[in-house]
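Structure first, commentary second.
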Amino acid sequence: APGNTSPLLHNLNPEQLAAVTLPAEHALILAGAGSGKTRVLTTRIAWLLQNGYVSPGGILAVTFTNKAAKEMKTRLSAMLPVNVNGMWIGTFHGLCNRFLRAHYKNAGLPQAFQILDTQDQLSAIKRLCKQYDIDTERFPPKQLGWFIGNCKEEGLRPKDVVASDPDTRKKVEVYQLYEEQCQREGVVDFGELMLRSYELLRDNTAIREHYQRRFRHILIDEFQDTNKLQYAWIKMIAGQGSDGLLNGGGGAVLAVGDDDQSIYAFRGARVGNMTDFVREFAVQRQIKLEENYRSYSNILDSANALISHNSRRLGKNLRTVQGAGEPVRVYEAPSDFLEAQWMVDEMKQLIRDDVERKEIAVLYRSNAQSRVIETTLFNAAIPYRVYGGLRFFERAEIKHALAYLRLLENPNDDTSFLRVVNFPARGIGTRSIEQLQDLAKATGCSLHDAVSTLSGRPGAVIAGFVAKLDVLREQTAGLNLKDIIKLMLENSGLLEHYRNEREGEDRVENLDELVNAAESFVMQEGFGREAPGMTALVSSPEALTQSPASQGLSGAALDAVPDEFGDTGETLSPLQAFLTHAALEAGDNMAAAGQDAIQLMTVHSSKGLEFDCVFITGMEEGLFPHENSMSDHDGLEEERRLAYVAITRARKRLYLSHSQTRMLHGQTRFNLKSRFFDELPEECLKYLTPKQQPMLAGGGFGSSWGGGGYATNSGAGRAYSTGATGQFGTYSAPQKEVPRKEEPTGLRKGQKVFHTKFGEGTVLTLEGAGDDARAQINFPRHGTKWLALSVAKLTPVP
Ligand code: ATP
Ligand code: MG
């Protein structure tokens, strides 16, 4: 074929070459991770352009994330001189947005239509429920949101829904009202972007035929995670509608995917689209790529072994030309805090060995896990970036919570006041707030102080908010930081608000994490736990003037805790100190765009990416596999695919870690290591900590799981049926108590000790052995200290 000598094609294997240079026909590439699917897709676009088979305007390429779209554009412009910015390369939502902007009139939208995120959508539904007196006990707004979202994904408008019972009829009624409200306000939600584009293509022949003629090549990456409506949209734009709209004039569709990496079933993704595509588009050519170019074989073999435990697979092979490489490192930590510590130590070593920070990724199953990792990286002054999410203290729900806390400290903080005066919604309109702002401006006082001069209903409603804060201030006086936050979360209505939200689960988890953050802040900064406020902290005046060094302890005191609050910590209340800490940590921009930073993200958002070194953390039962998925077969298989995605992100070095205890959802949990460890080939692994002792044969399978917290349901029982082949012996019995390891030092965690200068304290952490042994000890009067045990004089207190 012409153009097959192009330098673009030099580094392709024969299968890849065949895929890149396919004639203009529908085709499917089904291949495993790291086999070059995305590279083939990008190279094909470049090859088509270079040979003049298509103009840049004739390409439609769909990626799964904005990051992937950006990367594809960067690659393309590196391959040939083309203005990629004008090209239709993007996510489904991004492309639909662009399409609707171009045809807003035909789509019946205002030119500047706004997009509602899930949060906005829920508040819109709530407003509507109130206005129309919808019984929200019977029809919780978040369920109404799901209903509407599902209808849209099925391509159904209110009139199309078959409502056979009164409840459904009511929901359809709300759907109808919601649509009218959105239309009135000129806003669209995510589902609407997709559905409205689809309908416009379906109903407007001129527009449809225009695009069918225009897009000669339609290329879709991550095809395994498309949903029903997205697939219908593709058929429409490719002129392949099964509903009589087929005109044969559409472009060629190249779908690229890996069934083993389908991880969005919970959001409506249909792996079945792959087989439907082959049938409905009469695909003649299916291309398999079997060479993995990304990872060394220890990593790849681990991934292959793991995924082989799934039953429903389309079946493909994957091999690597690279050697074994380094073993996959497995680490077991006593706590999530120490897991993060270890990881950061490991990272420091990698960085010393000249690994770029952006080539190091930390992957976790759920967002709430990032907080402890972020804090540890922050304390170590290592730049990092969190993808697919904001830094912890910048998240909206956390900012709302901090605003309430700030108002407890300072009612005149207008920014915080405005942030939460009507959040959660309490019927305070923008007009009332403007009035209040005018009053405050006129008298030069804070919004809080102006409230008493605001008359009428607005005055009364806002005064109610102020009174609520006053009550909360009363109630929290004298409580410790953790309890202050807990009470605030309940009484402000924040927790309840997010519990009722469609995708509020993550936010509730994050609010719980805020409680954890406060708890560890108090421990690390050495605030007297039982003594709130400053009394206990300044009760010993010489404590403020005498540093350990001046006491001749310089050799012993390894003050590893940064002295950030050395000057202020003793005079601020724990709440004030914590708020300062939050503001500093969120305000810091070490990881500004473009800077070389460690990459933090959930496994879901790591799809399609690759890094030299990957840490997968929290490989524990209940977390990964996630507890919500463990009780059914399909859920467990999806978790395994997630683990497969995670492992296959690594090029050279892979770490898998798990922790015996973990603070999650505001409580300490005792976790077993993930069952996925037993599905990995032993010869590929290297244990950095002694492998857990095998459980004694006949140790009572059922009974030993009794107190485990997870894994007590029948689903887990089935999943553990590998026990029948003798493999389950590698699991240790679940621990019901914090492991109280006797250290050679004679000290253990939680032990009370006496120090001649610092007085009585409690051991928080023990590290190292022999001469290097050191302990982190919390002395109520002097804060938390690291002490070298070979030097420090400590006496255990019985
Ligand atoms: P995933 O399933 O994770 O999305 P993928 O199949 O899309 O993976 P790519 O990301 O395209 O795989 O490729 C994986 C890595 O292998 C990339 O770094 C890519 O540049 C490299 N690669 C692909 N094909 C070749 C080749 N023929 N020669 C050298 N390197 C290659
Ligand atoms: Mg890819």
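The values are calculated or read from the model by the stated rules, or taken from the named source; none is laboratory data. Because the structure is predicted, anything quoted here is derived from the model rather than measured. Here the Cβ positions follow ideal geometry from the backbone for every residue, glycine too, while neighbour counts run over all protein chains shown.
A few comments on the model shown:
- Residue selection: ASN422 fails the criterion of being in contact with an Asp or Glu (Cβ under 9 Å, 6 or more places away or on another chain), assigned to a loop (DSSP other than H, G, I, E, B) and not acidic (Asp, Glu).
- Checking the stated criteria, ALA303 turns out to be within 16 Å of ligand 2 (Cβ to nearest atom), hydrophobic (A, V, I, L, M, F, W, C) and in the same structural domain as PHE611 (by TED's automatic domain parsing).
- Set side by side, the residues PRO23, PRO14 differ, and just one is surrounded by fewer than 17 Cβ atoms within 10 Å (Cβ to Cβ), within 11 Å of ligand 1 (Cβ to nearest atom) and under 16 Å from GLN286 (Cβ atoms), which is PRO14.
- Some residue of region 326-337 being at pLDDT below 95 and assigned to a helix (DSSP H, G or I): yes
- For region 12-39, a tally of residues being on the phi < 0 side of the Ramachandran plot and within 14 Å of ligand 2 (Cβ to nearest atom) returns 11.
- MET343 falls short on exactly one of the conditions (1) modelled with pLDDT of 95 or more; (2) touching an Asp or Glu at 6+ places or on another chain (Cβ under 7 Å); (3) of a type in the set (A, V, I, L, M), and that condition is (2).
- Some residue of region 78-100 being assigned by TED's automatic domain parsing to the domain that holds PHE223 and within 13 Å of ligand 2 (Cβ to nearest atom): no
- Hey, THR617 among the β-branched types (Val, Ile, Thr), over 18 Å from the mean Cα position of the chain (by Cα) and either modelled with pLDDT under 95 or more than 16 Å from ligand 1 (Cβ to nearest atom) (or both) or not: no
- In region 643-661, the residues that are crowded, with 23+ Cβ neighbours inside 10 Å and farther than 14 Å from PHE677 by Cα: VAL645, THR648, ARG649, ALA650, ARG653, GLN660
- Scanning region 295-345 for residues that are among the hydrophobic types (A, V, I, L, M, F, W, C) and farther than 23 Å from MET523 by Cα gives ILE299, LEU300, ALA303, ALA305, LEU306, ILE307, LEU314, LEU318, VAL321, ALA324, VAL328, VAL330.
- Region 163-178 residues that are in the same structural domain as ARG138 (by TED's automatic domain parsing), paired with ones that are not aliphatic (A, V, I, L, M) (beta carbon under 6 Å, 6 or more apart): ALA163/ARG169; LYS171/PHE147; VAL172/PRO158; TYR175/PRO158; GLN176/PRO158
- Residues of region 164-185 classified as surrounded by 14 or more Cβ atoms within 10 Å (Cβ to Cβ) and not in a helix (DSSP H, G or I), total: 0
- Against the criterion of being free of Cβ contacts under 8 Å to residues at least 24 places away in the same chain and out of contact with any Lys or Arg (no Cβ under 8 Å at 6 or more places or on another chain), ASN379 does not qualify.
- For the condition surrounded by fewer than 16 Cβ atoms within 10 Å (Cβ to Cβ) and within 16 Å of ligand 1 (Cβ to nearest atom), LYS70 qualifies.
- Residues being under 26 Å from PRO574 (Cα atoms) and touching a His at 6+ places or on another chain (Cβ under 9 Å) - total across region 431-481: 2
- Qualifying residue in region 48-62 (condition: over 22 Å from ALA269 (Cβ atoms), within 11 Å of ligand 1 (Cβ to nearest atom), in contact with a helix residue (DSSP H, G or I) (Cβ under 7 Å, 6 or more places away or on another chain) and in contact (Cβ under 8 Å) with a residue 12 or more places away in the chain): no
- VAL82 meets the conditions (1) within 24 Å of TRP233 (Cα to Cα); (2) more than 13 Å from ligand 1 (Cβ to nearest atom) in every case but one. The failed one is (1).
- In region 40-52, the residues that are at pLDDT 95 or above and either within 15 Å of ligand 2 (Cβ to nearest atom) or out of contact with any Leu (no Cβ under 9 Å at 6 or more places or on another chain) (or both): VAL40, LEU41, THR42, THR43, ARG44, ILE45, LEU48
- Taking the criterion of being buried (at least 20 other Cβ atoms within 10 Å of the Cβ) and of a type in the set (A, V, I, L, M, F, W, C), the residues of region 186-199 that qualify are VAL188, LEU193, MET194, LEU195.
- Residue in region 315-331 that is of a type in the set (A, V, I, L, M, F, W, C), surrounded by 18 or more Cβ atoms within 10 Å (Cβ to Cβ) and more than 27 Å from LEU636 (Cβ to Cβ) present: no
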